[in-house]
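The values are calculated or read from the model by the stated rules, or taken from the named source; none is laboratory data. Note that the coordinates shown come from a computational prediction; the quantities given were computed from them, not determined experimentally. No Cβ is skipped: glycine too gets one built from the backbone with ideal geometry, and neighbour counts run over all protein chains shown.
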Amino acid sequence: MCYVPRPPRVIHPLHRLRDALNKSSQKEFAKMLGISARYIQDFEAGRPIPDWLLDEIMLRFGIDPDSLRQEAGWPISLLDTDRFNFTYRDPDLGDGPGDSASDEEIAESMLNAIDSAVALNRKITRLQKIRDKNERLKISIELWQQYATLSQSEAHQSIEEVLVVKLSLLRDAARQKGSYLAAALQLSNWIEKAVELFGLRKTINELRAKRTDWPPVIELLRNEWPSFADLLGAHFWLQGEDRIKPLAGRGRRNAIRSPARRQGHRGG
């Protein structure tokens with residue numbers, strides 16, 4: 001009888017990350033990430049992990065997103081890559097000592113930053129000598145969660161600037177390709193999902209109630225959260241009719257005149 005060796009078991013990097021976090025079950029790991037266990041099952045079976053989840057894992061555990069896109073292998077810690085530039089700051093001073101800080105505060109902040117850098121570099125040096133990949137991954141995650149923090153004000157400003165440009169390019173490209181409404185619908189749906197996913201509904205309502213500088217074009221956001229259909233409600237037209245009412249919406253808007261009378265249109 002001829003012996004045929006078994007092919008090696010293929011283990012997805014997400015499974016290895018789950019093991020390093022001591023989440024033995026897919027259900028437990030999924031709960032930590034706020035998603036269904038079925039998604040974890042599908043991802044570990046080879047289904048592509050969406051970018052938003054890769055970003056969430058990167059922020060929480062310091063894992064390079066590209067390493068989780070592979071069908072097999074080990075997750076790679078950002079502490080083991082050169083993708084990010086790290087600076088050292090005194091956590092007691094937030095994003096930095098500030099313009100009004102005294103010379104003593106600035107000096108103390110610099111010394112604390114140096115001490116933190118030395119301590120972290122020593123730990124990373126020891127980390128790189130660990131041969132057990134699972135143990136190395138565990139310690140990498142612990143170091144990330146202990147030391148890695150974002151400069152909130154700087155990060156928010158940079159991200160918002162890029163998002164504004166991306167949205168502008170998305171709008172212009174969609175208009176040029178004749179798919180503006182379809183793209184806007186996808187964006188609107190994503191916003192609704194994000195509001196529910198991160199539990200933002202209550203906070204949004206509170207912010208809406210406090211805000212007073214609403215531009216006239218979006219004044220309706222003061223009192224309600226319009227759906228995509230609401231936004232389109234006053235812009236549907238029936239050709240050939242003298243006067244019609246919006247086909248969607250909540251009856252807030254007055255009747256509008258058919259564009260059939262505009263130049264270039266012919267009544268039916």
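Filtered by the rule that a residue be touching a helix residue (DSSP H, G or I) at 6+ places or on another chain (Cβ under 6 Å), surrounded by 14 or more Cβ atoms within 10 Å (Cβ to Cβ) and without any contact (Cβ under 8 Å) to a residue 24 or more places away in the chain, region 39-61 gives 54, 58. Count of region 167-191 residues, restricted to those that are among the polar types (S, T, N, Q) and more than 19 Å from residue 229 (Cα to Cα), is 2.
Evaluate the following for residue 202: is it surrounded by fewer than 13 Cβ atoms within 10 Å (Cβ to Cβ) and closer than 23 Å to residue 230 by Cβ? Here the answer is yes, as residue 202 does meet what is asked. Filtering 68, 79 for residues that are at pLDDT 85 or above, under 25 Å from residue 139 (Cα atoms) and among the hydrophobic types (A, V, I, L, M, F, W, C) leaves a single hit, 68. So, residue 164, is that one part of a helix (DSSP H, G or I), loosely packed, with under 12 Cβ neighbours inside 10 Å, within 23 Å of the chain's Cα centre (by Cα) and at pLDDT 85 or above or not? It is true that residue 164 is part of a helix (DSSP H, G or I), loosely packed, with under 12 Cβ neighbours inside 10 Å, within 23 Å of the chain's Cα centre (by Cα) and at pLDDT 85 or above. As a summary of the residue check, residue 73 satisfies the conditions (1) on the phi < 0 side of the Ramachandran plot; (2) at pLDDT 90 or above except for the one numbered (1). Tell me which residues, restricted to region 23-79, are assigned to a loop (DSSP other than H, G, I, E, B) and aromatic (Phe, Trp, Tyr). Residue satisfying the conditions is 74 alone. Of the residues making up region 42-59, those that are in contact with a Lys or Arg (Cβ under 9 Å, 6 or more places away or on another chain) and not hydrophobic (A, V, I, L, M, F, W, C) number 2. Selection of region 121-160 for residues being surrounded by 14 or more Cβ atoms within 10 Å (Cβ to Cβ), under 21 Å from residue 67 (Cβ atoms) and modelled with pLDDT under 75 yields only 148.
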